[in-house]
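Notes to accompany the following structure.
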Amino acid sequence: METQDWGRGHTVPFWNNEYKQLVYTKEKFNNPDDIIRWRREGYRHPSDLFTGFMCDMKSTQPTWNNSIIRWAERRFSIKNIGTSYYRMTTGTILPVHSDTYKKYIELFDCNIDDIIRILIVPEDWKSGHYLEINGVAITKWQAGDYFWWRGDVPHMAANIGVNDRYTIQITGHQ
C-alpha cells in the first residue's frame, strides 16, 4: 500500500500572537552536504546560516503550546512531539533540502519514514512569502492552514517580502 508523502489542511486558529514575542535564535544549518550543494548552485550566505530564527523546545514556548501538541497527536496519531517556532526575516532563503532528523532519530529510535513534519501558518500569507513541498509552490495561505510531509520529502521556504514570515513546526512519529 502506497503512503501519501505530503498534504495540506486547515484548522481553526486557537492561538494568539504570543509567537511574535518569543526569544528566537539563529543557528547554522545542520547539513553541511546541503550547504556545499547550495554554494555550487549559486546560493550565497557569508556565515552559511541559510536559516531563519528558531525558538525550539530548549526555550520558553507559548502558553498554548500544549494545545498545539494535543492537536497534532489527535490529527496525525503521532507521538514524541517536538515543537519549534520559526521566523524568517526579509531576504531569508532556505533552498530545497530534505530534513535528516538525525537528533530526533537518535532520541526516539525511529525510522525516518515514520516521521511526520507539520507546518502550521499562524497568520495569513503576505506578499513575498513562499513555501514549496516536493516541487509544488504554495502561497496565499490563510491562518490555520497546515502542511505536512513524511520523512525526507524535499521542501524549501523563502521570505522575499517585507514582513516576517512565521511558522509553527511540529515533529513526531507514528
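What to note about this one:
- Take the conditions (1) surrounded by 20 or more Cβ atoms within 10 Å (Cβ to Cβ); (2) in a loop (DSSP other than H, G, I, E, B); D152 misses just one of them, which is (1).
- Taking every residue in region 133-146 that is among the charged types (D, E, K, R) and pairing it with any residue that is assigned to a loop (DSSP other than H, G, I, E, B), at least 6 positions away or on another chain, the pairs with Cβ-Cβ distances below 7 Å are K140/W125; D145/V121.
- Residue identified as closer than 28 Å to G128 by Cα and outside any loop (DSSP other than H, G, I, E, B) among W15, W71, W38: W38
- Qualifying residues in region 18-35 (those that are out of contact with any Asp or Glu (no Cβ under 6 Å at 6 or more places or on another chain) and in a helix (DSSP H, G or I)) - the one surrounded by the most Cβ atoms within 10 Å (Cβ to Cβ): Y19
- Residue among R87, R75 that is basic (K, R), buried (at least 17 other Cβ atoms within 10 Å of the Cβ) and at pLDDT 95 or above: R87
- Here R70 fulfils each of the conditions (1) within 20 Å of D164 (Cα to Cα); (2) of a type outside the set (S, T, N, Q); (3) surrounded by fewer than 12 Cβ atoms within 10 Å (Cβ to Cβ) apart from (1).
- Residue satisfying all of: in region 155-174; buried (at least 20 other Cβ atoms within 10 Å of the Cβ) and among the small types (G, A, S); farthest from V12 (Cα to Cα) among these: A157
- Among the candidates Y86, Y130, residue that is in contact with a strand residue (DSSP E or B) (Cβ under 7 Å, 6 or more places away or on another chain), more than 17 Å from T11 (Cα to Cα) and touching a residue at least 60 places away in the same chain (Cβ under 8 Å): Y86
- Among residues of region 51-62 that are closer than 19 Å to G172 by Cα, those with a Cβ under 7 angstrom from a residue that is of a type in the set (F, W, Y), sequence gap 6+ or separate chain, pair up as M54/Y24; M54/Y86; C55/Y24; C55/Y85; Q61/Y85; P62/W15; P62/Y19.
- Count - residues of region 126-139 that are farther than 13 Å from M88 by Cα and in a loop (DSSP other than H, G, I, E, B): 4
- Any hit, region 75-83, residues being closer than 24 Å to R150 by Cβ, in contact with a Pro (Cβ under 7 Å, 6 or more places away or on another chain) and not in a loop (DSSP other than H, G, I, E, B): no
- Flag if Y104 is among the hydroxyl-bearing types (S, T, Y), part of a helix (DSSP H, G or I) and surrounded by 14 or more Cβ atoms within 10 Å (Cβ to Cβ): yes
The values are calculated or read from the model by the stated rules, or taken from the named source; none is laboratory data. Just so you know, these numbers come straight off a predicted model, no measurement behind them. Positions of Cβ are generated from backbone atoms using ideal geometry, with glycine treated the same way; all protein chains shown enter the neighbour counts.
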